[in-house]
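Derivation of every value follows stated rules applied to the coordinates shown; laboratory data play no part. Every value quoted in this text rests on a predicted model; they were computed, and no experiment measured them. Heads up, the Cβs are rebuilt from the backbone with ideal geometry, glycines too, and the neighbour counts pull from every protein chain shown.
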Amino acid sequence: MFRRLSNWLSRSLANQLLFTYLLVLTIALMAVSVWALVILKSESISDLRNALQVEAVNLGLEIDNDLALDSPEATARIQAAADRHGGKLNAWVTVVDSGGHVIAESGMRPSRSKESISDQPEINDALAGIAAIYTRSSHLTKTDWLFVAYPVRSMGETAGVIRVGVPLTEINQRLHQDLIVFLEIILATLVVTVLISRWLAKRVTQPIRDMSLTASQIAAEGDISEFVPVLRKDEIGELANSFNQMISRLREQERLRQEFIANASHELKTPTMAIGAVVEALQAGAANDPELRAQFLHSLEKLVDRQSNLLKDLLDITRLDASVRADWHEEVSISSIISDALEQVRVQAEKKEIVLSNLSNADGAVVSGNSIQLQRAIVNLLHNAVSYTPVGGSVSVETQIDDNKDVEVVVKDTGPGIDAGDLPHIFERFYRADKSRTRTVGGTGLGLAITKEIIVRHKGSVDVESTVGEGSTFTITLPLARH
Ligand SMILES: Nc1ncnc2c1ncn2[C@@H]1O[C@H](COP(=O)(O)OP(=O)(O)OP(=O)(O)O)[C@@H](O)[C@H]1O
Ligand SMILES: [Mg+2]
């Protein structure tokens with residue numbers, strides 16, 4: 001039984017809520033009912049007691065003189081009065097003399113019996129001059145009785161006692177009926193609660209079920225084709241909204257992934273086909289002509305170079321995506337990676353007669369991260385600057401330290417500049433501002449994307465300013481390592 005209940009509870013949130021509601025409601029309603037019954041009982045008893053007291057006092061005023069007289073006429077009058085008052089309240093009226101002997105009893109024949117009932121507590125109290133109230137069970141009727149005993153005074157002395165008693169059966173019966181009504185109300189409330197809860201639970205759990213179904217579809221089949229419906233404005237509606245945002249995000253990521261694969265394959269296909277064409281030409285006879293052979297072999301070398309650079313870039317960016325960060329907590333000296341990076345583009349710059357100058361002044365500036373990656377980020381900027389700046393131009397690197405918090409590495413060139421329409425996109429993967437020109441220069445559009453990825457992973461940022469015809473300025477900002 002207990003196990004079944006706990007199974008039923010653990011199966012659904014709605015069941016747990018329903019169970020808690022029912023428990024709390026039952027306890028609360030029971031407590032209110034018990035409290036109401038107790039109050040009802042004590043009020044009814046106190047009303048009854050007051051009525052009995054009034055009757056006893058009135059009877060006392062009527063018979064106080066006769067009590068003192070020991071004549072059959074007086075006794076008959078007392079009996080008549082007892083009958084009258086007893087009949088009024090349907091009560092049992094007993095009159096005793098100062099010795100505790102019964103003089104009259106309602107519904108009985110008048111007689112002055114010798115029997116003394118002074119041992120009964122209320123009579124005893126009243127004979128001592130105290131008005132007494134007792135509830136006790138009678139041996140004869142096996143029910144509870146309420147007794148009020150009242151001393152009757154005559155000439156300063158207690159001449160006798162009037163006792164008025166009623167059975168409490170009527171009150172108990174009424175309380176019993178009230179209890180049944182209360183139980184019926186509790187039962188009806190519980191039934192209504194169950195019905196309302198089931199209706200509410202359905203409304204609450206249905207959207208959650210829908211969402212969990214969609215989630216398991218995504219988990220099992222990677223199916224993100226459908227959104228969950230948002231039909232409400234409450235917390236569940238918010239949850240559905242967040243859920244749909246998550247699906248949109250997954251879709252966007254999936255779109256980027258597809259796009260990346262398509263672009264990468266396309267970029268790989270172009271040089272591969274060119275290599276095939278050169279090889280074909282060589283096989284077709286070009287290999288026999290020494291001049292042609294040298295020319296074809298040279299272009300083959302360039303194509304293979306381009307291919308391997310592209311593969312390196314692709315590998316780098318996928319590694320960055322996969323968050324492979326073996327050692328990203330080195331202390332990296334900014335000035336040393338700048339001079340190493342400049343060395344890497346020096347030959348290319350000299351070939352194009354470009355003045356390459358190191359204006360940096362960042363001795364001692366240290367950032368925490370990976371030196372190879374950071375150097376790579378700077379080399380990419382320098383490589384672009386040297387590639388896109390025409391013969392005879394100049395390229396410089398400067399540094400600036402802000403507030404002892406950040407270091408800026410600024411790469412400036414006197415190149416063609418970048419069109420304002422292209423500026424927001426140049427950090428995107430495979431984006432090239434001037435498709436025809438960069439083809440000849442040989443870029444794939446991954447360099448800046450890699451730089452940005454590396455810098456962002458070092459908690460820094462990359463910005464660009466450019467004026468067409470004047471040149472471009474790329475600024476890397478990195479947080480300095482704390483000592
Ligand atoms: N210093 C610069 N001067 C002018 N244009 C630039 C400069 N740097 C970048 N660009 C433009 O931004 C585009 C994107 O640069 P990015 O370095 O990402 O790609 P890429 O140089 O074309 O190819 P990759 O670097 O992958 O070989 C370039 O194609 C170019 O049009
Ligand atoms: Mg580049």
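Helix-only mean residue ellipticity at 222 nm, the chain, DSSP H runs n ≥ 4 weighted -39,500 (n - 2.57), per residue, nearest 500. What is it? Please report the intermediate quantities before stating the final value.
Values: 11 runs with 279 residues, N = 483.
It lands at -20500 deg cm²/dmol.
Projecting the Cα positions of S33, S98, L52 onto the charge dipole of region 18-119 (unit charges on Cβ atoms of Lys, Arg, Asp and Glu, taken about the Cα centre) puts S33 furthest along the positive direction. Ranked from largest, the principal axis spans of the Cα set of region 290-414 equal 61, 39, 18 Å.
In loop segments of region 214-310 as defined by DSSP, the trypsin sites (Lys or Arg not before Pro) with at most 11 further C-beta atoms inside 10 Å of their C-beta are K233.
Under a 5 Å amide H cut-off, with hydrogens placed 1.01 Å from N, A365 pairs with I334, S335 among residues at least 5 apart or on other chains. Exposed loop sites here are GluC sites (Glu not before Pro) in DSSP loop states with at most 16 other C-beta atoms within 10 Å. What is the longest stretch of the chain lacking them? Longest stretch, sites excluded: 227-352.
Ranked for footprinting exposure by Cβ neighbours inside 10 Å, fewest first, L127, L300 give L300, L127. Cβ-to-Cβ counts within 10 Å put L381, L175 in ascending order as L175, L381, the fewest first.
Within region 226-324, all pairs of alpha-carbon atoms sorted by distance into 10 Å bins from zero give the percentages 13, 25, 19, 16, 12, 8, 5, 2. Here the residues L187, L89, ranked from fewest to most Cβ neighbours within 10 Å of their Cβ, fall in the order L187, L89. For region 2-173, the C-alpha radius of gyration sits at 1.60 times the compact-globule guess of 2.2 N^0.38 Å, with N the residue count.
Charge dipole of the chain (Cα centre as origin; +1 on each Lys and Arg Cβ, -1 on each Asp and Glu Cβ, all else neutral): 1340 debye, rounded to the nearest 20.
Using C-alpha pairs below 8 Å separated by at least 6 residues, the relative contact order for region 140-231 is 16 percent. Relative contact order, whole percent, for the chain stands at 9, derived from Cα pairs under 8 Å and 6 or more residues apart. Projecting the Cα positions of S299, L310, I354 onto the charge dipole of region 297-363 (unit charges on Cβ atoms of Lys, Arg, Asp and Glu, taken about the Cα centre) puts S299 furthest along the positive direction. For region 266-350, the relative contact order is 29 percent, taking Cα pairs closer than 8 Å that sit 6 or more residues apart in sequence and dividing their mean separation by the residue count. With all pairs of separate Cα atoms included, the chain yields a Kirkwood hydrodynamic radius of 33.6 Å.
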